[in-house]
Every structure is written in C-alpha cells, then in structure tokens.
1. Quick check on region A:137-146. Is at least one of its residues surrounded by fewer than 16 Cβ atoms within 10 Å (Cβ to Cβ) and touching a strand residue (DSSP E or B) at 6+ places or on another chain (Cβ under 6 Å)?
2. When you go through (1) in contact with a helix residue (DSSP H, G or I) (Cβ under 8 Å, 6 or more places away or on another chain); (2) of a type in the set (A, V, I, L, M, F, W, C); (3) modelled with pLDDT under 95; (4) more than 30 Å from B:Glu422 (Cα to Cα) one by one for B:Ile71, which number turns out not to apply?
3. With A:Val49, A:Val91, A:Val27 as the choices, which residue is at pLDDT 95 or above, buried (at least 23 other Cβ atoms within 10 Å of the Cβ) and either within 14 Å of another protein chain (Cβ to nearest Cβ) or under 19 Å from A:Ala231 (Cα atoms) (or both)?
4. Could you grab me the full set of residues in region A:134-166 that are farther than 12 Å from A:Met98 by Cβ, among the hydrophobic types (A, V, I, L, M, F, W, C) and outside any loop (DSSP other than H, G, I, E, B)?
5. Cβ-Cβ below 7 Å, separation at least six or inter-chain, first residue in region B:1-25 and under 16 Å from B:Arg67 (Cβ atoms) and without any contact (Cβ under 8 Å) to a residue 40 or more places away in the chain, second assigned to a helix (DSSP H, G or I) and of a type outside the set (Val, Ile, Thr): which pairs?
6. Out of the residues in region B:223-274 meeting the condition of being more than 13 Å from the chain's Cα centre (by Cα) and among the polar types (S, T, N, Q), tell me which one is nearest to B:Leu420 (Cα to Cα).
7. Which strands (runs of 3 or more DSSP E) sit wholly inside region B:246-361 and have at least 2 residues that are polar (S, T, N, Q)?
8. Go through B:Thr282, B:Thr310 for me and flag whichever is of a type in the set (Ser, Thr, Tyr), buried (at least 24 other Cβ atoms within 10 Å of the Cβ) and within 30 Å of B:Ala225 (Cβ to Cβ).
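The values are calculated or read from the model by the stated rules, or taken from the named source; none is laboratory data. Every value quoted in this text rests on a predicted model; they were computed, and no experiment measured them. Here Cβ is always computed from backbone atoms with ideal geometry, including for glycine, and neighbour counts include all displayed protein chains.
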Amino acid sequence: MENLLEIKNLHVSVEGKEILKGIDLEVKKGEIHAIMGPNGSGKSTLALVLAGDPRFEVTKGSILFDGKNLLEMKLEDRAREGVFLSFQYPVEIPGVSMVNFMRAAVNEHRKYKGEEPISASDFLKLMRDKREMLGMDSQLVNRSVNEGFSGGEKKKNEIFQMAMLNPKLAILDETDSGLDIDALRIVASGVNKLHTDDNAVIVITHYQRLLDYIKPDVVHVLYDGRIIKTAGPELALELEEKGYESLINTANTK
Amino acid sequence: MIEQQYIDLFETYREEIDKNATPGLNKERDAAFESFKKLGFPTSEPEDYKHSDISRAFDTELGLNLRNIPIPVNPYDAFKCDVPNLNTHVFFLINDRYYDKPRSNPSLPEGVFAGSLQTFSEKYPRVFNAYYNKIADYSNNGVAAYNTMFAQDGFVVYVPENTVVEKPLQLINILRGGVDLNVNRRILLIVGKNARVKLLVCDHTVDDVHFVVTQVIEIAAEENAQIDLYELEENSEKATRISLLYCNQQERSKVTAAGITLHNGYTRNDYRFKLLGEYAETHVGGLAISDKKQHTDNFAFLDHAVPHCTSNELFKYVLQEKSTGVFCGRILVEKGAQKSRAYQSNHNLCVSDDAHMYAKPQLEIYADDVKCSHGLTTGQLDVDALFYLRARGIPEEEARMLLMVAFTKDVVDMVRIDILRERLEYLIDKRFRGDLLRCGNCNVCK
C-alpha cells in the first residue's frame, strides 16, 4: 500500500519554543495508527500542525499528503484534500446552525472536486443517515454548532462531521476524553464503520481504553517532541501496565 | 450660527408652512420654535451627543418642501413593492408627505386608522390632540423642537381599544429630490387598551443628493397593548437620519422595537421609553452593519418610573472599514420602582483596524430591590471559531461571513414576524457579501 502521509524530520515551534523536534511518521492507506505519550509531549501540536493551525511555525522538515506538499496548502484546502481533525476541544459557535455549517462544508468539498452543490433532499438524507449512525439526537443538529453541547455530545459531533465529510485521513485528538463507556462504544463503532482500505486514522489518546474498540495497526510513543518508540498494538497494553516511565528513561539515556 | 438660517426660514415662511398643514399641527409650532431658539441643534458638546455632531449636518444649503410641491413619483413603479411574500398593508411617505393614492384601500379592522397625519388631525381631533406632541419632549431636545416647527405631515396608526390588527402594517419612507433636502417626518402610533399591532418601517433613498431627515416617532401603548415596531434603514451614504422615538407605556403593555441599520450614511437613533404603568415590558434592539465611513449612533434611554417593569436591550454592531459605531444605553430606575428588571447587552465587532466603536452603559438606580445588569464587549472575530470552520474546508472569506451573520442572529430573532425575519437574514447575508442593492429598491419586498 502507498503512503498516505509522510512526515519527515518535522520541527515545530510556537512563540520561539520548539515543541516538535524531528518527527518521522509514515501512514499507509488502510492503517490505523495510535499516538500515545505523556502530557505535554507534543501530540496535540502534531495534530494541529497537520490540520494547519496558523499559531504553529514549521521550522524544518516536510509533510507529504497523498503525494502533495501539505505545508504549502491553506488550511481549508487541507480539509478539502481529505485531512480531518477531530478537535480535542471543539469550538462553540453561537448563531451558526449545524445544518448551515455542514451544508457549507459539504458543498465546499464538492466545489473543490468540481462537483455541483448537493441537493436539499440528498443533504437532509445524508445528515439523517450519519446522525443515526452515531445515535445523535435530531435536536442537536438543529442547534448552533456545539453550543450548549455536553462534553460527550461535542465529541460525537466531531465524528458526525467526519462521517459527513468522509476524509482520507482522520486525526482523532483525544476523542475519548469526556466520553462515558456507552458513548465511547458508539463513537468507536462510527469510526470503524468509516474506516476503509482507502483511508487512514490517527488516534491520539492517553488510554488503552479507546484502543480496545479502535484497533491500531501501529502504536507510537511521543515524548518531548520525538517519537521514542514504534511497535504493534501490544505496545499500548504494555504502556497501560507499566506507564511511560521505563520508556522515557531509556530515551533519555540515548 | 448654523441655526440662524433655519430660524429666518421659519419666520419668513411661517404662513406657507401653516397653509400646507392643519391647525392641529400648526398650534404646536410656536412653543417648539421658542424651544429651538434656546437649544439649537445638538453639537458634540453635550454628553448625550458626544460622538455625533448633529449641527454639522445642517451646516449646508438644504431645501425644504414647505409648499408641498408634488414630487413626481409613483412608489409602486419605483419600488415594485408588490409584497409577494411579505403579506402586509403597505403605506408610503414620500419624503415627509403621505402618499394618498394607495393602490387599494386596506381592509383594516373597524375603527383602525392608518394614514396621513393631516387627515387624522382633522378626522380624529380629540385623539390627535391627546397624543400629538404629548409623548415627545422638545423642551430639552433641539432636534425634536426643530421637527415640530416644520412637520407638516406624517403617518399615523391608531388602533382603538380591544382591537387586534393581525396583518402587519408596512410603511415605506422614500427619499426623493433633485436638490439637497431637509425632510421632517412624523410618525404617531396610538394603540389602545388590549389592542395589538405590528408595524414595519423601511427607509429608502432614491436620488443621489444629500438628505437630512429628522424623524419623531411617538408611541402610546395603553394598558395591556402590544406593539411591535421594526425599522429597517437602507439609505444612501449621503443621507443623514436623526430619529427620535418616544414611547410611553402603560400597565402591562408590551413593546418590541428593533432597528436594523443595513445601509446608511450618518445615523442617530434615539429610543426613549417611559415605563409608566406596572408590569410594562420593553424589548428594544438595534443592529448596525457598516463599512466605508458610515456612522451609526444608537442612544437608548429606559426610564423605569414604577415598580414591576421589565426592560431588555440588545444592541449589536458589525463595523468594517472606516465605519463608526456609537452606543449609549441609559437605564434609570426611579425611586420606588421596586422589582424592576432591566437588562442591557451591547456587543460589537470591529472587523477592520480602522473601525471605531464608542460604547457606554449608564445605569442610574434609585431603588434597592431591583435586578439590573449590563454587558458590553467590543472585539474581533473569534480566531478559534474561524480556525474550526476553515478546518472543515470552508474558505476564510466564507467563514468570516458565516461568523458575522451569526453574530447578528439574536437581534434578528427579536423580530416576531417569521417571514420578515427570514427576509432580514437573507438581506444581512447579502449585505456582508456586498451585493445588496443599496437603494432604489425595496429589498424587503423584492
């Protein structure tokens, strides 16, 4: 399988402080990668840089996405090329209804591909199908984006948007935080349904718990801006048992 | 002195002014004149006009159509206000005169009058005399005095007690003229006990000359009356609008007034409410969307004179390019007006670096068992929200539009006519996209 994402020697700073210090990562189509690591290791930074957050400065390195230079793309173009970030902290946008938001997003994706805007009836059907897949209340999609949503509803809403936009690469940044076990199961099953041989998922998490439902092919440990270990799914179980301590000590003595 | 030419004009043409009006209107002029000579036009000196020098607008050669020379315009042709969707009774004021050739006579409920102020003053002298100039106060406002000196006609809605006007009324003000013009317009709204009415007022400019418009709106909300007044300004950049709304509310009356400044030149709107009967309720809102060098000043004064009244204020501004917004919200809770509830919100977006917002809440509270609050923010578009929208593939320009339109939503939501609200949402969207037909067309109806 070809590489969907190719990150080489990525260095990223914010306000002059280096956060990512040389990341190398390859993700192939059809794969699920998990990125774990202690707080402050740079996991969310990596996710936000991929999505195109302008607060971060890439000082060195390259990112190829589906053969294209991701770093040269505006952030909206990255989304339309198929990069999707499920936010750790979804933003509340009073006054913008979920329906209008999703219609605009879906149509911008279509326009980018040279397609006509979606018809009203197809759009409503799409909304209903995806909403039902995630067991979301029909009231939620009539409200303003994330406004007054509970923590769990916000995370479900992220996966709902992912389902609507059908990305090539989905980055789930701590999608499990704030979810109870039932919601976690629904969200995970949603992600699994959307996962095919043609797309890939990067799951950022602190806990093995989510990985019981979304089974990764590869697990990476990020620490102090570097990937210090990459292995199979057994690594996550090992970390759950032993913590990061021993890995970090090994990394520091290198 | 800027005022001198208007003082001279008034004295010279007094006979003409009277001849082209009615005795009811004429008998108010002398006292107003005395008041004007004392007060003059407000400059930026008094606190209430700090950011809007009204006198400057008059410091030019302006014509006044005191002899009521007919203005050649057929508003139906000029504006195509056929009202396909917005099902209203339509009336026109051409400058300050009532257009008396309506296409059809609206079938209003029995006893309801909607039409010319002149006609009303003759047909209903008792009601006219009880209300005209009894709600507005020209003793301390030079513009109100000036307007009363020169006002020769206007629009009246009179709804007698226990009468409900279901279908909204719509007044379309058309500014039309070949030379720079001063227009002095009156609107009188009398709504009796248990009566209800909704009125939409739209301002349009047709010609590319300078218009300086003074407008005095007097509203009497009698016991348990319900009034909705929505104003939509779509004037040209050469128009100056100085509007003074005075409203007296009796027991359990409920008044909703919202002013949308969609396109304008220089605007000052006063909203002066007196809550005179217990359990009266006021909802007043304003929205300004401006760019270029447009100036919008909203001044709200909520006077809680008796206990148990509620007032709710919501004013929002979206300022682009070099535009200016001014808001002053004064709440007065008089001694003894216990259990008053008065809430004020003012939120402003300065989208460009050159836009200016001057905002000032003023709360004067002389009762000790009240709930009053005010909130004021002035800022820019939320960068996190912008990022979130763009991260879903929405281009930056479009994302900004969505956020600006969203910002206006709660003011538009004050409008309690569904179809008008939808129309406003559509117009606001167009306004932000820069493809609003600026004037010459009634955007509400088309």
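1. Step one: of region A:137-146, the residues surrounded by fewer than 16 Cβ atoms within 10 Å (Cβ to Cβ) are A:137-139, A:142.
Add one more test, that the residue is touching a strand residue (DSSP E or B) at 6+ places or on another chain (Cβ under 6 Å), and what stays is none.
Looking for residues that are surrounded by fewer than 16 Cβ atoms within 10 Å (Cβ to Cβ) and touching a strand residue (DSSP E or B) at 6+ places or on another chain (Cβ under 6 Å), one finds none in region A:137-146, hence no.
2. (1)
3. Values: A:Val91 fails: buried (at least 23 other Cβ atoms within 10 Å of the Cβ); A:Val27 fails: buried (at least 23 other Cβ atoms within 10 Å of the Cβ).
Result: A:Val49 is the single residue among A:Val49, A:Val91, A:Val27 that is at pLDDT 95 or above, buried (at least 23 other Cβ atoms within 10 Å of the Cβ) and either within 14 Å of another protein chain (Cβ to nearest Cβ) or under 19 Å from A:Ala231 (Cα atoms) (or both).
4. Within region A:134-166, A:Ile159, A:Met162, A:Ala163, A:Leu165 qualify.
5. Pairs that qualify, where the first residue is under 16 Å from B:Arg67 (Cβ atoms) and without any contact (Cβ under 8 Å) to a residue 40 or more places away in the chain and the partner is assigned to a helix (DSSP H, G or I) and of a type outside the set (Val, Ile, Thr), are B:Asp18/B:Asn26.
6. Top of the filtered list is B:Gln226.
7. Working: elements: B:254-263, B:266-275, B:281-290, B:295-304, B:310-319, B:324-333, B:341-350.
Per the criteria, B:254-263, B:266-275, B:281-290, B:295-304, B:310-319, B:341-350.
8. Details: B:Thr310 fails: buried (at least 24 other Cβ atoms within 10 Å of the Cβ).
Just one listed residue meets the conditions, B:Thr282.
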